[in-house]
Every structure is written in C-alpha cells, then in structure tokens.
Amino acid sequence: MSRDRPTPTRGPGPWRKQTTCCGPAQRAAGHLVEVGRGAGVTRREGSWVVNQTPTPRPDVLAPALDRAHDARALFDVLVAQGVRGEPATRAQALAVLRTADEDLLDLVAAAGRVRRHRFGRRVRLNYLVNLKSGLCPEDCTYCSQRLGSTAQVLKYSWLSAEDAVAAARAGIAGGARRVCLVASGRGPSDRDLTRVTAMVGGIKTEHPDVEVCACLGLLREGQAERLAAAGADAYNHNLNTSEAAYADICTTHEYADRVETVERARGAGLSSCSGLVAGMGESDEDLVEVAFALRALGADSVPVNFLVPFEGTPLAGTWDLTPQRCLRILAMVRFVCPTAELRLAAGREVHLRSLQPLALEIVSSIFLGDYLTSEGQAAQTDLDLLADGGFVVEGADGDGRATAAPGEHDATTVARGTGAASGENAVTVRRRGPGTSVAPNA
C-alpha cells in the first residue's frame with residue numbers, strides 16, 4: 001500500500017482481514033503502528049492497529065521489567081559465586097541492601113541456596129552465660145552495660161565457677177552445642193582469666209563434645225593462649241561497625257584494638273567469632289565495609305546483632321530497622337561470607353518479629369534463650385520454630401528436634417520475671433538466669 005493513500009477506516013473488506021486489534025499491553029506500551037505503514041506512526045482515530053514487536057516505553061514498562069530481570073540475574077550470579085565460596089563484590093553487596101520489596105522473597109531464596117549448599121538444614125544452637133553483668137568502663141553507645149548507662153539491667157560481679165557451669169548445663173540440656181562465656185569490661189586481668197579457665201575446664205569435663213567460646217573484651221599478649229590451653233574452642237570479639245563509623249559509637253578504645261584481639265585469638269588457634277551490630281544509624285556502605293572486614297579477618301562465626309535500644313543509653317529510641325531491612329542485611333552478609341557460620345543474634349525477636357522463619361533460611365546458627373541483659377523468647381518457642389521449618393538441630397537425638405530440658409529448666413515453665421519493659425517498645429530486661437534466683441530460659 002502506497003504511503004499517499006488515505007488511511008482506511010474500520011469496515012468490511014480486505015483491509016479488515018489484514019489487520020489485528022491491539023491488546024492492553026500494546027496500548028500501554030504506546031508504540032502502535034498501522035498495518036502497512038512504518039513503525040512508530042501515530043495511531044489515528046478509528047484505524048485498526050497492531051504492534052507485532054512492541055518496544056516498551058522506558059517511563060512506563062521498562063523500569064519494572066528491567067528491575068525484575070536485573071534482580072534475578074544478580075541473585076543467580078550471587079548463588080553461583082557463593083556455592084564456589086567466592087564473596088560478593090562491594091557493588092553486589094550494596095545492590096542486595098537496596099533490593100526492592102517485591103524481590104525480597106527471591107533474595108531470601110537465593111541466600112538460602114548458598115546456606116543449604118554448605119550447611120544443609122542444620123542449625124547450631126548457642127547459649128550465652130553472662131559471667132559479670134554491668135559496670136563496664138567502656139562507653140560503647142549501643143550497650144546497656146556501658147559507662148554511664150542508666151538502663152535498669154542486672155548488675156553483679158563474677159559468678160562462681162560452679163554457678164557458671166550450672167548455667168551452661170541448662171543451655172546444653174536445651175540443645176545448645178556451643179556455650180558462650182561473656183563478661184563485661186575492657187579486658188580480663190590475669191585473675192579474671194584464671195576464673196574463666198576454671199569455668200571452661202568444668203564445662204569441658206562434663207560435656208567434652210560441647211564447644212566453649214569466651215568473650216571477655218580486649219586480649220593482651222598470651223591471654224588467648226591460656227584460654228586455648230584450658231580447652232576453649234573459640235573467642236568472640238565483634239567489630240560492630242565499619243572502621244570509618246567506629247568513632248561514632250565508642251571513644252574509649254579504637255577499631256584497631258578490636259581487630260588486634262581477633263587476630264590474637266586466631267593466632268592462638270582459637271576459632272574467631274566476630275560480627276556486627278546493625279541499626280545504629282550506619283549507612284549501607286558501613287554495613288558492606290564491616291562485612292568485608294570480617295571476611296578479611298577470617299571470622300569462622302559471624303553473629304549479626306540488631307540494636308536493642310535500651311532506655312538509659314545514647315541510642316535509646318533508635319528504631320530504624322524493619323523486618324525487611326534485617327533480612328537484606330543477613331542476605332548481604334551471607335553472600336559476602338558464604339562459608340561462615342552466620343548467626344542470628346540479639347534483637348531478632350523485636351526487629352524480625354514474625355519474619356524470623358525467613359531469617360532461618362539464611363543463617364545456620366542462633367542463640368537459644370536469653371541474651372546478656374535482655375530476654376529472648378521462650379526456648380521451646382525457638383525449638384518449635386526450628387521444627388516447623390524442617391530444620392535439624394545440630395547434636396540432637398532422634399529426628400533432630402531438640403526439646404527443652406524437663407523440670408525446673410523447661411522453658412515453658414520459666415517465669416518471665418518481674419522486670420518492666422525497657423521503654424514503650426517492650427524491650428524486656430533480663431530478670432532470670434545467672435545473677436538471679438529464677439531458673440534460666442533454656
């Protein structure tokens with residue numbers, strides 16, 4: 001048909017047989033052509049039009065199509081790298097943190113593929129024993145035990161070795177396969193180290209197959225070797241945030257001091273456990289940098305904590321995290337550290353809330369029971385959560401489902417304590433377990 005012929009209108013005859021009505025997608029695309037005319041010709045009123053090779057308008061369809069395609073492509077690449085044990089790049093890690101909400105489930109599934117490749121459906125349970133609570137001389141802004149804190153947390157001096165071993169026993173009965181012995185303070189004195197090595201020896205004598213991790217602050221030369229000789233398996237010392245942001249959360253020691261302690265622990269043959277705290281006002285770039293720093297240090301275990309903003313601390317009232325944000329952070333760390341034991345730690349109950357089961361698809365380790373100064377959900381609730389998700393608790397008998405110990409340590413019968421919530425967001429201060437007369441949550 002010549003281009004100078006008048007445009008036919010609808011009606012019977014051969015023209016109708018040669019034409020096709022456009023569909024909704026073609027109308028939305030906006031690039032409609034008349035049959036027999038060149039591409040891009042503006043549709044005329046009353047004409048029959050067709051777009052056999054639609055070109056989506058960038059401002060209408062392309063962004064959505066490209067985002068979905070790019071997200072899937074990114075996730076496929078991250079899975080392939082993770083399965084090979086290769087870390088994400090910094091650009092990829094930032095893209096994960098900026099994933100759109102509609103791509104979140106695909107992101108969790110991708111991180112879950114990397115997790116299952118190395119850890120299957122196994123979950124390791126860890127149990128914290130707070131050996132000495134409160135009265136710390138350091139000024140870490142996120143910590144309820146910090147210098148100047150008015151948070152109404154438990155304050156007590158060193159537990160006896162017998163009490164520490166008893167507390168560990170409750171957690172082990174609940175299914176824990178790693179016990180974390182934690183004490184507030186800048187770092188241990190020689191006398192403190194003697195106390196802790198006795199506790200390590202007591203736990204190892206009763207439970208030689210259970211790992212013991214110590215967390216005592218900054219280590220001096222030779223102290224890591226003493227812990228290793230006593231039977232300790234690991235040492236925890238978190239980097240918490242990026243080097244660039246560290247001065248914003250602590251002034252009484254430096255980021256380099258923390259790095260040195262992690263290196264000393266590794267040098268003594270201890271497994272290095274080091275992680276981060278999210279939700280302190282850090283940027284995406286800070287989160288990525290601390291994840292890469294942990295990888296560079298060779299951290300075997302990486303606990304990811306979400307800020308618990310206690311009243312009485314400088315970060316009180318800081319509730320910047322959403323459940324979706326928490327999942328993105330966990331996925332980012334999984335892709336940067338694909339072979340590490342990624343641990344879901346403090347703050348999961350108040351920030352992830354009902355999305356905790358999705359987080360379990362990404363991590364391979366959680367804390368059972370309570371934290372240092374705040375209460376976690378009932379231990380049996382955690383065990384039920386794992387069982388419902390089809391996870392296998394490491395070291396459990398039978399079908400792999402651990403159950404809380406019977407009797408006085410059964411988590412379903414442990415009183416919640418009498419402490420009031422710390423602030424309107426219901427952060428529950430720990431009022432049971434070590435340092436109290438109430439049975440622990442394990």
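The values are calculated or read from the model by the stated rules, or taken from the named source; none is laboratory data. Not measured: the values here are computed from a predicted model. Please note: Cβ atoms are built from the backbone with ideal geometry, for glycine as well, and neighbour counts cover all protein chains shown. For accessibility, only protein heavy atoms count, side chains too; no ligands or nucleic acids. Shrake-Rupley method; radii C 1.70, N 1.55, O 1.52, S 1.80 Å.
Within segment 184-193, the set of residues being open to solvent by 70 Å² or more (accessible area, probe 1.4 Å) and assigned to a helix (DSSP H, G or I) comprises ASP190, ARG191.
Any residue at all in segment 160-183 that is over 20 Å from ALA442 (Cα atoms), among the β-branched types (Val, Ile, Thr) and part of a helix (DSSP H, G or I)? No, that holds for no residue.
Restricting to segment 297-352, name every residue that is among the acidic types (Asp, Glu) and surrounded by 18 or more Cβ atoms within 10 Å (Cβ to Cβ). Steps first, please.
Initially, segment 297-352 is screened for residues among the acidic types (Asp, Glu), giving 300, 311, 320, 341, 349.
GLU311, GLU341, GLU349 - these are the residues of segment 297-352 that are among the acidic types (Asp, Glu) and surrounded by 18 or more Cβ atoms within 10 Å (Cβ to Cβ).
With respect to the conditions (1) over 19 Å from the mean Cα position of the chain (by Cα); (2) closer than 25 Å to LEU327 by Cβ; (3) touching a residue at least 24 places away in the same chain (Cβ under 8 Å), ARG146 lacks only one, and its number is (2). When only residues in segment 344-382 that are assigned to a strand (DSSP E or B) and out of contact with any Ser or Thr (no Cβ under 9 Å at 6 or more places or on another chain) count, which is nearest to PHE75 (Cα to Cα)? Going through the qualifying residues, I end up with ILE366.
In the list VAL200, VAL196, VAL179, VAL165, which residue meets the criterion of being more than 30 Å from HIS253 (Cβ to Cβ), buried (at least 19 other Cβ atoms within 10 Å of the Cβ), among the aliphatic types (A, V, I, L, M) and at pLDDT 95 or above?
On the way: VAL200 fails: more than 30 Å from HIS253 (Cβ to Cβ); VAL196 fails: more than 30 Å from HIS253 (Cβ to Cβ); VAL179 fails: more than 30 Å from HIS253 (Cβ to Cβ).
Sole residue among the options that is more than 30 Å from HIS253 (Cβ to Cβ), buried (at least 19 other Cβ atoms within 10 Å of the Cβ), among the aliphatic types (A, V, I, L, M) and at pLDDT 95 or above: VAL165.
Yes or no: GLU138 acidic (Asp, Glu), open to solvent by less than 40 Å² (accessible area, probe 1.4 Å) and more than 20 Å from PHE367 (Cα to Cα)? I'd like the intermediate steps shown before the answer.
On the way: acidic (Asp, Glu): yes; open to solvent by less than 40 Å² (accessible area, probe 1.4 Å): yes; more than 20 Å from PHE367 (Cα to Cα): yes.
Criteria met by GLU138.
A single member of ARG266, ARG220 is part of a helix (DSSP H, G or I) and open to solvent by 10 Å² or more (accessible area, probe 1.4 Å), and it is ARG266. Every condition in (1) surrounded by 13 or more Cβ atoms within 10 Å (Cβ to Cβ); (2) part of a helix (DSSP H, G or I); (3) at pLDDT below 50 holds for LEU107 except the one numbered (3).
Every test in (1) under 28 Å from ALA340 (Cα atoms); (2) open to solvent by 10 Å² or more (accessible area, probe 1.4 Å) is passed by GLN152 save one, and that test is (1).
Within segment 223-262, the set of residues being within 24 Å of the chain's Cα centre (by Cα), part of a loop (DSSP other than H, G, I, E, B) and over 17 Å from GLU138 (Cβ atoms) comprises ASP233, SER242, GLU243, ALA244. Out of curiosity, is PRO338 without any contact (Cβ under 8 Å) to a residue 40 or more places away in the chain and in contact with a helix residue (DSSP H, G or I) (Cβ under 8 Å, 6 or more places away or on another chain)? When the stated conditions are applied, PRO338 does not pass them.
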